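A.B. asks: I am attaching a structure below and will ask some questions about it afterwards.
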Amino acid sequence: MPGRLPEKNDFASSISLSITPPPSSQPPTNVLILLHGLGDTHAPFTKLGQQLSLPETVSISVQAPNPLPLDLGGFHWGDDLVFDQNTGEMDVDTGFKTSTVMVLDSIIRQGLIGKCGYKAREIVLFGFAQGGMVALQAAAELGGDELEGVVSIGGVLSLTLPLKALERKSRTPVLLCKGSRSSAVSDSAISKLKDAFEFVEIKEWRKVGDGMPSNREEMLPIMQFFARRLQSTRGVPAGSIELT
């Protein structure tokens, strides 16, 4: 039996999220979980899910559990909030134990699998920066099950990832997108990612930094990844060309 369309009451009331059904009353065959970056809210990624309008896919945009201090607005995924004394910038990697439990246990295992009837292989995670780190950690800690895939924009595995998650490579396919210059993604981070996941694809954009895709060229590899991974109950339409 396919999974049913999730509702907000399928998840803990403490979790802020929005649910966007598939387009044109299509069946909710797949679930796309969207995780924003540090200092943001789930609202822009709700709009992203609406803009993507992926066939047979319900989008769930999740807000990080921890608000920024001093009325700065926005939320973060880290277990702590640490500022660099030299630059004044927030440390992105402060551990994600609480956030991983929220995404992996509360949303995926209890909500989507337990209540809505989905399989792990029908769920895709999409995360930006710190949200990408949470997505990767959740997939790495899933254990024997594999997700439909993970797309991370500029986010890598946390240095605090439990060693148990590295004992056996995850079979969840990963697409990591990064800028060609001034990227936060180091060679050692890519090496660690390949130690944790069996299938890793790296897409390097011709731009500075690891910002969200801003044009068709940058978005294309992500849409190709979705085309390969998302399942369909309707099959491939006549005359379609598979993007590889």
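A.B. asks: Between GLU167 and VAL82, what is the FRET efficiency for a Förster distance of 22 Å, r being their Cβ-Cβ separation, to the nearest 0.05? Each step should come with its number before you reach the end.
C.D. replies: On the way: r = 28 Å, r/R0 = 1.29.
My answer for the efficiency is 0.20.
A.B. asks: Give me the one-decimal nm value for the distance between modelled label points at ALA12 and GLN50, 7 Å along each residue's Cα-to-Cβ direction.
C.D. replies: Using points 7 Å along Cα→Cβ, the separation is 2.8 nm.
A.B. asks: Considering only DSSP beta bridges with both partners in the chain, what is the antiparallel share in %, to the nearest 5? Before the final figure, lay out each step's value.
C.D. replies: Working: 8 of 36 bridges.
In the chain, approximately 20 percent of DSSP beta bridges are antiparallel ones.
A.B. asks: Excluding same-chain pairs closer than 8 in sequence, count the lysine pairs in the chain whose Cα atoms lie under 16 Å apart.
C.D. replies: Lysine pairs meeting both conditions in the chain amount to 11.
A.B. asks: Further, regarding this structure: Taking other Cβ within 10 Å of each residue's Cβ, how do LEU193, LEU32 sort, fewest first? It would help to have the intermediate numbers written out before the result.
C.D. replies: Numbers: LEU193 19, LEU32 24.
Neighbour counts put them in this order, fewest first: LEU193, LEU32.
A.B. asks: Roughly speaking, what is the stretch gain from SER24 to ILE202, that is 0.36 nm per residue apart minus the C-alpha to C-alpha distance, in nm to one decimal? Present the calculation step by step, with values, prior to reporting the outcome.
C.D. replies: On the way: separation 178, 0.36 × 178 = 64.08 nm, distance 3.29 nm.
Length gained between SER24 and ILE202: 60.8 nm.
A.B. asks: Something else now. How much FRET efficiency would the formula 1/(1 + (r/R0)^6) give for MET1 and SER186, where r is the Cβ-Cβ distance and R0 is 51 Å, rounded to 0.05? Show your work: numbers first, answer last.
C.D. replies: Details: r = 44 Å, r/R0 = 0.86.
According to the calculation, E is roughly 0.70.
A.B. asks: Once you have all Cα-Cα distances for the stretch 107-191, histogram them in 10 Å bins from zero and send the whole-percent values.
C.D. replies: The percentages, shortest bin first, are 18, 49, 27, 6, 0.
A.B. asks: Over the alpha-carbon set of the stretch 16-104, divide Rg by the Kirkwood Rh and report the Rg/Rh ratio to two decimals.
C.D. replies: 1.08
A.B. asks: From Cα pairs below 8 angstrom and at least 6 apart in sequence, can you work out the relative contact order of the stretch 1-98, rounded to a whole percent?
C.D. replies: Values: 177 pairs, mean separation 24.6, N = 98.
This gives 25 percent for the stretch 1-98.
A.B. asks: Looking at the chain, identify the longest residue range that excludes and avoids all trypsin sites (Lys or Arg not before Pro) in DSSP loops having at most 12 other Cβ atoms within 10 Å. Walk me through the numbers before you get to the answer.
C.D. replies: Working: sites that count: ARG168, ARG234.
Maximal segment without exposed cleavage sites: 1-167.
A.B. asks: Still on this structure, I have one more. For a quick check: with amide H placed at 1.01 Å from N, whose amide H comes under 5 Å from PHE197's, ignoring anything fewer than 5 positions away on the same chain?
C.D. replies: So PHE197 has HN proximity to SER170.
A.B. asks: Right, another one. When the helix-only estimate is applied to the chain (DSSP H runs of n ≥ 4, each -39,500 (n - 2.57), divided by the residue count), what is the mean residue ellipticity at 222 nm, nearest 500 deg cm²/dmol?
C.D. replies: On the way: 5 runs with 49 residues, N = 244.
Calculated mean residue ellipticity at 222 nm is -6000 deg cm²/dmol.
A.B. asks: Additional query: Report Rg/Rh for the stretch 8-229, rounded to two decimals, where Rg is the Cα radius of gyration and Rh the Kirkwood radius.
C.D. replies: Values: Rg = 16.3 Å, Rh = 17.4 Å.
So for the stretch 8-229, dividing Rg by the Kirkwood Rh gives 0.94.
A.B. asks: Counting Lys +1, Arg +1, Asp -1, Glu -1, what net charge surrounds PRO6 among other residues with beta carbon under 13 Å of its beta carbon? Walk me through the numbers on the way to the answer.
C.D. replies: Details: positive: ARG4, LYS8, LYS115; negative: GLU7, ASP10, GLU122.
After counting each charged neighbour, the total is 0.
A.B. asks: Now, a different point. Using each residue's phi in the stretch 12-17, evaluate 6.51 cos²θ - 1.76 cosθ + 1.60 at θ = phi - 60° and report the 3J(HN,Hα) Karplus result to the nearest Hz, with x for Gly and Pro.
C.D. replies: 4, 5, 6, 8, 8, 7
A.B. asks: Charges only on Cβ, +1 for Lys and Arg, -1 for Asp and Glu: so what's the dipole of the stretch 8-229 about the Cα centre, in debye to the nearest 20? Don't skip to the end; give the middle numbers.
C.D. replies: Numbers: 21 positive and 25 negative charges, 133 e Å.
So the dipole magnitude of the stretch 8-229 works out to roughly 640 debye.
A.B. asks: Taking K and R as +1 and D and E as -1, what net charge do the other residues with C-beta under 12 Å from the C-beta of GLY132 add up to? Don't skip to the answer; put the middle values down first.
C.D. replies: Numbers: positive: LYS178; negative: ASP93, ASP210.
Every neighbour counted, the sum reads -1.
A.B. asks: To one decimal place, what Kirkwood hydrodynamic radius in Å is obtained for the stretch 24-75 from all pairs of distinct Cα atoms?
C.D. replies: Kirkwood hydrodynamic radius for the stretch 24-75: 12.0 Å.
A.B. asks: Now a separate question. Within the chain, which is the longest segment containing none of the GluC sites (Glu not before Pro) that sit in a DSSP loop and have at most 15 other Cβ atoms within 10 Å? Walk me through the intermediate numbers first.
C.D. replies: Numbers: sites that count: GLU7, GLU89, GLU167, GLU198, GLU242.
Here the longest run is 8-88.
A short reminder: the numbers here are calculations on the coordinates, not readings from a lab. Because the structure is a prediction, the values reported are computed rather than measured. So basically every Cβ, Gly included, is an ideal-geometry build from the backbone, and we count neighbours across all protein chains shown.
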